[in-house]
Structure formats: C-alpha cells, structure tokens
Amino acid sequence: VIGWFQVGICFLISIYYAAIIAWAASYTWFSLSQAWGDDAEGFFFAEYLQYDGGGAEGAGLSVDFVAQVGWPLIAVWALLLFCLAVGVR
C-alpha cells in the first residue's frame, strides 16, 4: 500500500506540471500580440479563465470547457504521451 503513494504523488505532480506548461504556452501565444491590452487582470479573469466572480453559484467554479485552458492542456498531454510512446533515445 505504501508503494502506491509514490505512484499517486507522481501522478499528481505530472498533472500539476502539465497545467503549468500549458499555461506558459498560452501566455506565450497571447504575449505575441499582447492580447490583454491595458487591462491584464480583466483579460486573465474574464476572457482567459472565463471567471465571472461567483455570484449566486458560490465560488465561481464550473465544469464548462474553457478552450483557452483546455486545448493547450490537451496538447501538452498529447505531446507527453507521444514522447512516452516513442521513447527517449
């Protein structure tokens, strides 16, 4: 049982770092045109994360697909799976 904790921790760390890499890729893409303009905070919360501040829904969490976050994350996971399948030489 204790040995499976290492597997679980590695899985959680890989999810975390994949999200960080996807976020950095998104930032790089948006920084080419400086899509945020004069209001970086408004762009990040309203347009990128599509966070509306919560309101009556509580913490503002939803299960809706956010393309600006989801597609880069899917691309990172696809690249990771490709590298694992091909192998490092």
query: Any idea what angle helix 67-86 forms with the longest principal axis of the chain, computed on alpha-carbon atoms, 0 to 90 degrees, nearest 10?
result: 20
field: Computed helical MRE - 222 nm, the chain, DSSP H runs ≥ 4 contributing -39500 (n - 2.57), nearest 500
entry: -21000 deg cm²/dmol
- line: Calculating Kirkwood radius over Cα pairs in Å from this structure picks out, from (i) 15.5; (ii) 12.9; (iii) 17.4, entry (i)
field: Point-to-point label distance, Val86-Asp52, nm (Cα→Cβ direction, 7 Å offset)
entry: 4.2
field: Nearest-ten-degree value, helix 2-33 long axis tilted from longest Cα axis of the chain
entry: 40
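Since every read-out is calculated from the coordinates, none of them should be taken as a lab result. Please read all numbers here as calculations on a predicted model, not as lab measurements. Heads up, the Cβs are rebuilt from the backbone with ideal geometry, glycines too, and the neighbour counts pull from every protein chain shown.
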